[in-house]
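The values are calculated or read from the model by the stated rules, or taken from the named source; none is laboratory data. Owing to the predicted nature of the structure, the values given are computational and were not obtained by experimental measurement. A quick note on method: Cβ atoms are made from the backbone with ideal geometry, for glycine too, and the neighbour counts reach across all protein chains shown.
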Amino acid sequence: MIYINTMPKARSNTLFVLIKSLSKSEKRYFKLSQTSDEDQKYLRLFELLDLQADFNDEEILLSEPSFNASQYSNLKAHLYGKILRSLRDFSMPSIAGIQIRELIDEAQILFNKSLYQQCSQRIKKAAKLATKTDNLELQLEILQWKKRLMTQTVDWENQFYVDEVVAEVQTVNERINNINTFSNLQAQLQSHYRKSGYLREENELLKISQITAKLSEIDDTNFSISEKLSLYHVYIGYYVFVQDFKNAYVFAKKWVDIFRSNHALIQPKLDYYIQGLNYLLIAQNKLLLLGEFQETKKELRSLNKLPRSYYNENIRVKLLKYTFVHEFNSLFLSGEFDKGVALLEHLSSGVDGFINQLDAHSKVILFYKAACLYFGNGNFKQTIFWINKILVFKEVDLREDIHGFARILNLISHYELGNIELIEYYVRSTYRFLMKKEDLHQYQKSILRFLKSLHPQLSSAEVTNRFKSLRDKMLELRKNPFEMRIFVYFDIVSWLDSKIDNRPLIDILKEKALERERTPDP
């Protein structure tokens, strides 16, 4: 028997989503460009969709009888194309890539008209802009045009010019091949990191070292800017993975120095500049370079003062995310968890909207940082609230390490709240999760055994002794390169100190922060 699907085809909301993504300036630009009588029906549809809070085609067809239902899909498709063309025109002054492609398109038109000298002029202008912004892919396309034009504008006996163009093609091809090689390596490293987090065991180190084995042989002296950024990205990815933050710092600083010494690159490569500052801040944070960290944080925040034409939505969200994260990292470094909590709660009305704009990886990290913020401030109910956002997260194969440590922090928070009856259940479920993810190491085993052993019948002296024993164990594990990643996620030693000394955790954390401030940056 043959079954025929008679369900109506779901209406696409892509046009609605596109319109809602537009800024006020972009909407105004589009509206002003709709000047003909034919444009008015598209403008009317644009305005109706813009007014809707929730996408509803039927509502629009009922409110505007002039729209023919049978032609409505075509009307939407044409409007979608008109908006994209408007966005292209609106963005052209601020996006070098669009300007270069426009020049190449114009060159194509002039070539088709046999206006070869004029075509050559557009190509020369495009070449200058592509070189200035280090756009290798478009440089290669422009060189193909130069070769094409040689048959019309250059005497083929002029071997010097021919050889020059051929050599340029070879050089640009080599540069693009280098970037592809480096970006492939970075993609492999990033995939591993996003799944498992920092280095866990020796076989992982061997696997990653094989991927990056040839990097030490590379001399970047004559590399283009794009090649250098791609190469530094691989180095940073590798060194962060193995928690060698000193070397990660070296390459993150090289990355950022490219922009500090060449401000003309900031606009066309602003995304890379922001990313480099983020990596530098991560390294400075881990190395406790407090003075440098604060200066780099100011540099990141200063990008908010750049002209609006420098930004798109992707860059805006990325800048907001890194500013937000490193502001809280700053408070972690200073031990001012109370200020961090106050700031987070002050921003609470806008946090949900901000979180919804983040990718899944960033959401998990933000949830965990918020949980640690409340834990450091002694607010264990709110710690569990944020931890639960991770525990119910659908993508448990993303940052398995954070999912595992979230469960450990959840256990400790329940212990702090006196929920002893829940400890055994959570210990079992955490064991199962870590076994399934093959992430049950000495650190986790020690804490789980310790928490399971803290039954109410123990004397306070015995409990204190067990805390001291666990602290000694943690200090020993911190020397193990395959266990030290744990201390990146949670300062377990400070928590144990607070329990042993019977003092608030935040006091211990502030004392350690003051001690770091008294110690000059190395």
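Worth pointing out:
- Condition check for residue 405 on (1) surrounded by fewer than 21 Cβ atoms within 10 Å (Cβ to Cβ); (2) in the same structural domain as residue 444 (by TED's automatic domain parsing); (3) among the hydrophobic types (A, V, I, L, M, F, W, C): one failure, at (1).
- Sole exception among (1) at pLDDT below 80; (2) closer than 27 Å to residue 243 by Cβ for residue 493, by number: (1)
- Residue in segment 415-433 that is at negative phi, assigned by TED's automatic domain parsing to the domain that holds residue 492 and touching an Asp or Glu at 6+ places or on another chain (Cβ under 9 Å) present: yes
- Number of the condition not met by residue 316 [criteria: (1) under 30 Å from residue 90 (Cβ atoms); (2) of a type outside the set (Phe, Trp, Tyr); (3) assigned by TED's automatic domain parsing to the domain that holds residue 508]: (3)
- In segment 90-128, the residues that are more than 29 Å from residue 24 (Cα to Cα) and among the small types (Gly, Ala, Ser): 107, 114, 120, 126, 127
- Single residue of segment 419-437 satisfying the filter (in a helix (DSSP H, G or I), at pLDDT below 75 and in contact with a helix residue (DSSP H, G or I) (Cβ under 9 Å, 6 or more places away or on another chain)) that is surrounded by the most Cβ atoms within 10 Å (Cβ to Cβ): 434
- Search result, residues across segment 347-370 that are among the β-branched types (Val, Ile, Thr) and either surrounded by fewer than 18 Cβ atoms within 10 Å (Cβ to Cβ) or touching a residue at least 60 places away in the same chain (Cβ under 8 Å) (or both): 351, 355, 365
- Segments classed as helices (runs of 4 or more DSSP H), wholly inside segment 216-311, with at least 1 members that are in contact with a Leu (Cβ under 8 Å, 6 or more places away or on another chain) and within 21 Å of residue 136 (Cβ to Cβ): 225-241, 245-260, 270-286
- Residue 85 meets each of the listed conditions (1) surrounded by fewer than 17 Cβ atoms within 10 Å (Cβ to Cβ); (2) touching a residue at least 12 places away in the same chain (Cβ under 8 Å) apart from (2).
- Residue that is surrounded by the most Cβ atoms within 10 Å (Cβ to Cβ) [pool: residues in segment 258-280 that are among the polar types (S, T, N, Q) and under 22 Å from residue 221 (Cα atoms)]: 262
- Residue count for segment 253-279 under the criterion of being over 14 Å from the mean Cα position of the chain (by Cα) and either small (Gly, Ala, Ser) or over 19 Å from residue 133 (Cβ atoms) (or both): the result is 4.
- Residue match in segment 371-378 (condition: surrounded by fewer than 18 Cβ atoms within 10 Å (Cβ to Cβ) and within 30 Å of residue 511 (Cα to Cα)): yes
- Test: residue in segment 467-480 that is part of a helix (DSSP H, G or I), at pLDDT below 80 and of a type in the set (A, V, I, L, M): yes
- Filter result for residue 384 (over 20 Å from the mean Cα position of the chain (by Cα), among the β-branched types (Val, Ile, Thr), surrounded by 15 or more Cβ atoms within 10 Å (Cβ to Cβ) and not assigned by TED's automatic domain parsing to the domain that holds residue 493): yes
- Filtering 295, 336 for residues that are within 18 Å of residue 260 (Cα to Cα) and acidic (Asp, Glu) leaves a single hit, 295.
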